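Following: one structure in structure tokens, then a few remarks.
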Amino acid sequence: MSMTEFGVGLPRYGRRPPVRLLPPLGGRGRRWRALRNLFLVRCVLALPEDPVEAFAALLEPVRKVWRLLVRLWAGPGMRGGWQSDAGRLLLAVHGAYWSRDALRTDEPSCYVGVAGGTVTVRATWLPEAEAVARAHAGVRVTPWPRALRRRVDIAFPDGSWLTVRAAGAGAAGRLRARLVAGVAVAGAGARAVREGGDRSRI
């Protein structure tokens, strides 16, 4: 089955990996840039030239509380540890942003590709050859009232799952259909292998 990619975003309320799990930053200058994760540092640096950005930085604690409240309603955006299938895919996206910007972005954009029983993710500026792939288990049924038109929960064989936000309701429907079809194809192939093995033993 050919690869089909969808432009998606990771939800703003989703879990962000700790810095210790992200790629190490090379060079002293880049380590200093990592201090911009502190809202007070961002405020002081932006104040002389961009008061609006400085004010936005001061609101970071408020946004964190808001994200927590939204997460209580919408869910964590991921289930499973950072070493699970879902966790490794999220680390790949967040790690790309961290390596480029030395910042943990709130809502990173990426491409999700589906080919049969395999799903891939990559940051939007990375080539397809650098996409990270994992086997998937179709679509997780999102419980009401957390089910949204643009939300797609991708399930994995180890029991983990992650949430992505499609560009629109139509794109979300096509992504779900592609995931379900991929599981059906993979299941049919596995059955064929088992049946062929059984015949070989007769």
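The values are calculated or read from the model by the stated rules, or taken from the named source; none is laboratory data. The model shown is predicted, which means the values in this text are computed figures rather than measured ones. Neighbour counts are summed over all protein chains in view; Cβ atoms, including those assigned to glycine, are modelled from backbone coordinates with ideal geometry. Accessible surface areas use protein heavy atoms only, side chains included; no ligands, DNA or RNA. Shrake-Rupley method; radii C 1.70, N 1.55, O 1.52, S 1.80 Å.
Quick one: net charge of residue 138's neighbours, Cβ under 14 Å, K/R +1, D/E -1?
Here the charged neighbours net out to +1.
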Using heavy-atom solvent-accessible surface (probe 1.4 Å) with all chains present, what is the largest-first order of 78, 3?
-> 3, 78
Can you tell me the FRET efficiency between residue 181 and residue 128 if r is taken as the Cβ-Cβ distance and R0 is 22 Å, rounded to the nearest 0.05?
-> 0.60
Surrounding charge for residue 81, neighbours by C-beta under 15 angstrom, Lys/Arg +1, Asp/Glu -1, total +4
If each K or R counts +1 and each D or E counts -1, the residues other than residue 160 whose Cβ falls under 13 Å of its Cβ total +2
